[in-house]
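Notes follow once the structure below has been shown.
The values are calculated or read from the model by the stated rules, or taken from the named source; none is laboratory data. Every value quoted in this text rests on a predicted model; they were computed, and no experiment measured them. With ideal geometry, Cβ positions are generated from the backbone for all residues, glycine too; neighbour counts draw on all protein chains shown.
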Amino acid sequence: MEELIPIIKKALEQVDVVLGWAQSPAAGVAVPAFFHTPAEADAAVFDSTCAHNLAVYLPRLADKKVGIVAKGCDARSIAQLIAEGAVKRSGVFVIGASCPGMIDVKKAWRCFGFGKQVCDAAGKVAMEGKTVAREEILLWKCRGCRDPEPVICDVTVGEASSEAPAPPAEPAGIRKRFAAMTVAERRQFWQDQFSRCIRCYACREACPLCVCRDVCTIQAHEPGWAGAAVDSPQSWMAQLIRVNHLAGRCTGCEECERACPVGIPLMLLLEEQNDVVEELFGYRAGGEAKPPFLTFDIKNDTWDEER
């Protein structure tokens with residue numbers, strides 16, 4: 001996407017830094033990059049390996065005017081942060097990028113080897129003669145994506161898709177197996193999953209809506225909701241606290257699951273919670289309204305979507 005570089009350079013005339021991606025020679029894929037000068041912007045790229053949700057950096061840069069390259073799901077996170085007051089609209093310049101769908105870099109590495117340059121073209125992902133169908137290593141969130149175009153932007157890059165949003169993807173793999181489980185089986189499933197949690201908090205650090213890291217309840221001594229032990233009960237409590245704090249706020253970017261070093265399917269919980277919130281309140285995170293649980297009136301059983 002050659003037009004991205006001049007757009008970033010133009011944005012740097014009015015912002016302190018632009019958040020984007022640059023190619024990593026070591027990894028063979030794109031990695032987050034901070035561009036402070038036009039010379040640095042020459043390294044900017046945008047391709048199907050730019051999976052990171054760069055909105056995670058915005059609350060930590062609240063004292064600066066920040067430009068950010070944002071895909072559809074990233075833009076929903078930015079809109080949510082603005083709706084909650086964690087980010088000021090005047091403090092962010094959004095470069096909306098039309099998203100082609102992101103590939104699962106970990107699957108690509110398993111197919112081709114770490115550090116190999118990945119080429120994504122004509123429905124095939126290839127490296128040094130080896131190819132795989134793009135659909136086979138597409139990130140789950142991109143299958144049936146409802147928001148390929150940014151909901152908020154100041155300037156756009158790339159051609160917007162003329163196609164209607166894809167229907168939700170049919171459950172497959174672990175999601176299909178999970179949907180068929182009984183309540184007891186699901187309980188055992190999560191006990192097994194959380195027994196593998198090493199409490200590294202990568203899920204929290206990757207989440208753009210986990211904005212209270214310095215005073216996170218998971219690690220607080222008072223009240224001591226979750227202990228420091230690395231075991232299933234404590235990890236279960238820590239994860240449920242995080243999930244509940246994201247009720248009506250999760251934009252489904254999938255960064256928590258992608259960041260998890262032990263492969264816990266964290267989005268299973270969040271997807272189900274998102275579905276419940278949308279069904280009960282007709283609300284989906286990533287718009288202008290505040291989440292229902294920030295405005296809910298328990299006495300009248302109502303929530304004020306205008307607040």
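Going by the conditions given, is Glu13 farther than 22 Å from Thr251 by Cβ, in a loop (DSSP other than H, G, I, E, B) and not assigned by TED's automatic domain parsing to the domain that holds Arg258?
Working: farther than 22 Å from Thr251 by Cβ: yes; in a loop (DSSP other than H, G, I, E, B): yes; not assigned by TED's automatic domain parsing to the domain that holds Arg258: yes.
The answer is yes for Glu13.
Taken over segment 135-155, the residue count meeting the criterion of being surrounded by 19 or more Cβ atoms within 10 Å (Cβ to Cβ) and of a type in the set (Lys, Arg) is 1. Checking each residue in segment 5-24 for being touching a residue at least 40 places away in the same chain (Cβ under 8 Å) and either small (Gly, Ala, Ser) or within 25 Å of Phe112 (Cβ to Cβ) (or both) picks out Ala11, Gly20, Trp21.
Restricting attention to segment 9-26, which residues are under 22 Å from the mean Cα position of the chain (by Cα), within 10 Å of Gly67 (Cα to Cα) and of a type in the set (A, V, I, L, M)? Talk me through it step by step, then tell me what you get.
Taking segment 9-26 as the starting set, the residues that turn out to be under 22 Å from the mean Cα position of the chain (by Cα) are 17-24.
Subsequent filtering for residues that are within 10 Å of Gly67 (Cα to Cα) retains 17-20.
If the condition is that a residue be under 22 Å from the mean Cα position of the chain (by Cα), within 10 Å of Gly67 (Cα to Cα) and of a type in the set (A, V, I, L, M), then Val17, Val18, Leu19 are the ones that fit.
Residues considered: Ala22, Ala44, Ala39. Of these, the only one that is surrounded by fewer than 17 Cβ atoms within 10 Å (Cβ to Cβ), aliphatic (A, V, I, L, M) and more than 24 Å from Thr251 (Cα to Cα) is Ala39.
The residue of segment 47-84 that is surrounded by the most Cβ atoms within 10 Å (Cβ to Cβ), among those that are out of contact with any Cys (no Cβ under 8 Å at 6 or more places or on another chain) and basic (Lys, Arg), is Lys65. Being assigned to a strand (DSSP E or B), touching a residue at least 12 places away in the same chain (Cβ under 8 Å) and under 29 Å from Ile137 (Cβ atoms), is that true of even one residue in segment 36-43? No; the residues of segment 36-43 include none that is assigned to a strand (DSSP E or B), touching a residue at least 12 places away in the same chain (Cβ under 8 Å) and under 29 Å from Ile137 (Cβ atoms). The numbered conditions (1) modelled with pLDDT under 90; (2) among the small types (Gly, Ala, Ser); (3) buried (at least 20 other Cβ atoms within 10 Å of the Cβ) are all true for Gly286 except (1).
Residues in segment 156-184 that are modelled with pLDDT of 85 or more and loosely packed, with under 12 Cβ neighbours inside 10 Å: 6 in all. Looking at Glu257, is it under 18 Å from Ile198 (Cα atoms), out of contact with any His (no Cβ under 9 Å at 6 or more places or on another chain), assigned to a helix (DSSP H, G or I) and at pLDDT 90 or above? Answer is yes for this residue.
Is segment 57-68 home to any residue that is without any contact (Cβ under 8 Å) to a residue 24 or more places away in the chain and farther than 19 Å from Leu139 by Cα? There is at least one residue in segment 57-68 that is without any contact (Cβ under 8 Å) to a residue 24 or more places away in the chain and farther than 19 Å from Leu139 by Cα.
Could you please let me know if Gly115 is at pLDDT below 85 and either surrounded by 14 or more Cβ atoms within 10 Å (Cβ to Cβ) or outside any helix (DSSP H, G or I) (or both)? Explain how you work it out, then say what you get.
Working: at pLDDT below 85: yes; either surrounded by 14 or more Cβ atoms within 10 Å (Cβ to Cβ) or outside any helix (DSSP H, G or I) (or both): yes.
Yes; evaluated as a whole, the condition is true for this residue.
Provide a single number: the residues in segment 225-252 that are modelled with pLDDT of 85 or more and assigned to a loop (DSSP other than H, G, I, E, B).
So in segment 225-252, the residues modelled with pLDDT of 85 or more come out as 239-252.
Subsequent filtering for residues that are assigned to a loop (DSSP other than H, G, I, E, B) retains 246-252.
Here the count works out to 7.
Selection of segment 85-103 for residues being surrounded by fewer than 20 Cβ atoms within 10 Å (Cβ to Cβ), of a type outside the set (S, T, N, Q) and either on the phi < 0 side of the Ramachandran plot or touching a residue at least 60 places away in the same chain (Cβ under 8 Å) (or both) yields Ala86, Lys88, Arg89, Gly91, Phe93, Pro100.
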